[in-house]
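Enquirer: Shown below is the structure under consideration.
The values are calculated or read from the model by the stated rules, or taken from the named source; none is laboratory data. None of these values were measured; they are calculated from a predicted model. Quick reminder, even Gly has a Cβ in these numbers, built from the backbone with ideal geometry, and neighbours come from all protein chains shown.
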């Protein structure tokens, strides 16, 4: 049973470019969460999605960041016009229905903005 | 804003020693999770505790949820080098079902 998959594992972008991070949840999991881990800081919640719906985006920066979880395919976290401060590890987690607190994490995407 | 403070922040011990990591908050959580994270990887879920006073054991690891559901502890018996890693507690509430609030982390190093 494959775990949460994220790609790419490492992503390098220049300032002003776009970054697209992908997440495929565990089989049978319908809830997806994105977290960000800044250097020397803890994990911070960004957004919670179910298929075709954003449930809670209270942790998302107001500008440049967006997330989706389409009916088919992986969840996407999109960062437009990246800045150096966006450099971080971005983790995706998934949970089974009705067990939202048991979140299983992927290996993360490490974004470096030059 | 709910905060989870972990102590100690760093811990370096020798193989065979026992240790306890604490996770404290002024807020009540409906459940609390413990994760271990290794460099370059995502957090791995170790346990979930949901009932005040609950104790769970996972081999040499013992997890306890405080009676008031504001704090938790992780005790490791006879630590091994394989226990090395970053230990994170994370709390969640039914009112904010989506979010995990993560603790500040305890970095453990176990040497031979």
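Enquirer: Listed residues B:30, B:92; which is farther than 24 Å from residue A:110 by Cα, crowded, with 18+ Cβ neighbours inside 10 Å and within 11 Å of another protein chain (Cβ to nearest Cβ)? Reasoning before the result, please.
Expert: Working: B:30 fails: crowded, with 18+ Cβ neighbours inside 10 Å.
When all the criteria are applied, what remains is B:92.
Enquirer: From the list B:40, B:53, which one is assigned to a loop (DSSP other than H, G, I, E, B), at the interface with another protein chain (Cβ under 9 Å from one of its Cβ atoms) and over 18 Å from residue B:2 (Cβ atoms)?
Expert: Working: B:53 fails: at the interface with another protein chain (Cβ under 9 Å from one of its Cβ atoms).
Going through B:40, B:53 in turn, the sole match is B:40.
Enquirer: Further question on the same structure: Residue B:65 fails exactly one of the following numbered conditions: (1) under 29 Å from residue A:112 (Cβ atoms); (2) crowded, with 19+ Cβ neighbours inside 10 Å; (3) within 14 Å of chain A (Cβ to nearest Cβ); (4) at pLDDT 95 or above. What is the number of that condition?
Expert: For residue B:65, the failing item is (1).
Enquirer: Count, please, the residues in the stretch A:1-38 that happen to be away from chain B (no Cβ under 11 Å), farther than 15 Å from residue A:78 by Cα and surrounded by 22 or more Cβ atoms within 10 Å (Cβ to Cβ).
Expert: Matching residues across the stretch A:1-38 total 1.
Enquirer: Still on this structure, I have one more. In the stretch B:68-89, how many are within 14 Å of another protein chain (Cβ to nearest Cβ) and surrounded by fewer than 21 Cβ atoms within 10 Å (Cβ to Cβ)? If you could, list the steps in order and put the result at the bottom.
Expert: So in the stretch B:68-89, the residues within 14 Å of another protein chain (Cβ to nearest Cβ) come out as B:69, B:72, B:85-89.
Checking which are surrounded by fewer than 21 Cβ atoms within 10 Å (Cβ to Cβ) leaves us with B:85-86.
Of the residues in the stretch B:68-89, 2 are within 14 Å of another protein chain (Cβ to nearest Cβ) and surrounded by fewer than 21 Cβ atoms within 10 Å (Cβ to Cβ).
Enquirer: Looking only at the stretch B:1-45, which residues are under 18 Å from residue A:102 (Cβ atoms) and touching a residue at least 40 places away in the same chain (Cβ under 8 Å)? Give the derivation first.
Expert: Going through the stretch B:1-45, the residues under 18 Å from residue A:102 (Cβ atoms) turn out to be B:4, B:23, B:29-37, B:42-45.
Scanning the stretch B:1-45 gives B:4, B:23, B:29, B:30, B:31, B:32, B:33, B:34, B:35, B:36, B:37, B:43.
Enquirer: Would you point out which residue out of A:41, A:63 is assigned to a loop (DSSP other than H, G, I, E, B) and within 14 Å of chain B (Cβ to nearest Cβ)?
Expert: On the way: A:63 fails: within 14 Å of chain B (Cβ to nearest Cβ).
Going through A:41, A:63 in turn, the sole match is A:41.
Enquirer: While we're here: Restricting the search to the stretch A:85-102, which residues are within 13 Å of the chain's Cα centre (by Cα) and either part of a loop (DSSP other than H, G, I, E, B) or surrounded by 22 or more Cβ atoms within 10 Å (Cβ to Cβ) (or both)?
Expert: Within the stretch A:85-102, A:90, A:91, A:92, A:93, A:94 meet the criteria.
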